[in-house]
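Just below is one structure, and these are the notes that go with it.
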Amino acid sequence: MFGGGIYIPPEALGRFEPKEQQPATECRVSPADLGFTERQMEVLALMMQGKSNKAISRILDVAEPTVKHHVTAILKALKVANRTEAVIAVGSLGWELPQVPEG
């Protein structure tokens, strides 16, 4: 099977490929350009690790509805429909996300 990994269909990957090759250090859009807060960046970093809303709420010590609100804002800012598309989009943008301690 998939060995616990996440399957991403090839057609989903093609949607976010850059039209022109750009160096990995050059971002077309920064988190600040999209209005991301520090907390949203932490939520996004944990989403990129595959954490659930419940796990994120425990790690960040916030209510689960607060995490849902942040996830909704993240998806809207990235103009994507779900978490998988958000992970792909952020990966293609080359953003450096904060390290969030799991404690």
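The values are calculated or read from the model by the stated rules, or taken from the named source; none is laboratory data. Note that the coordinates shown come from a computational prediction; the quantities given were computed from them, not determined experimentally. FYI the Cβ positions are ideal-geometry reconstructions off the backbone, even for glycines, and counts take in every protein chain you see. Areas reflect the complete protein model, heavy atoms only, side chains present, ligands, DNA and RNA absent. Shrake-Rupley method; radii C 1.70, N 1.55, O 1.52, S 1.80 Å.
Return the total of residues in segment 73-103 being outside any helix (DSSP H, G or I) and within 15 Å of M41 (Cβ to Cβ).
Of the residues in segment 73-103, 8 are outside any helix (DSSP H, G or I) and within 15 Å of M41 (Cβ to Cβ).
Do we have any residue at all in segment 42-56 that's under 22 Å from V29 (Cα atoms), among the acidic types (D, E) and touching a residue at least 60 places away in the same chain (Cβ under 8 Å)?
Checked against the condition, which is being under 22 Å from V29 (Cα atoms), among the acidic types (D, E) and touching a residue at least 60 places away in the same chain (Cβ under 8 Å), segment 42-56 yields no hits at all.
With the condition kept exactly as written, say whether any residue in segment 51-70 is open to solvent by 80 Å² or more (accessible area, probe 1.4 Å) and either at pLDDT below 75 or within 13 Å of the chain's Cα centre (by Cα) (or both).
No, because not a single residue in segment 51-70 is open to solvent by 80 Å² or more (accessible area, probe 1.4 Å) and either at pLDDT below 75 or within 13 Å of the chain's Cα centre (by Cα) (or both).
Restricting to segment 37-72, give me the number of residues that are of a type in the set (S, T, N, Q), in a helix (DSSP H, G or I) and over 14 Å from V87 (Cα atoms).
Qualifying residue count for the region: 3.
Does segment 33-50 hold any residues that are surrounded by 15 or more Cβ atoms within 10 Å (Cβ to Cβ) and among the small types (G, A, S), and which are they?
Correct list: A45 only.
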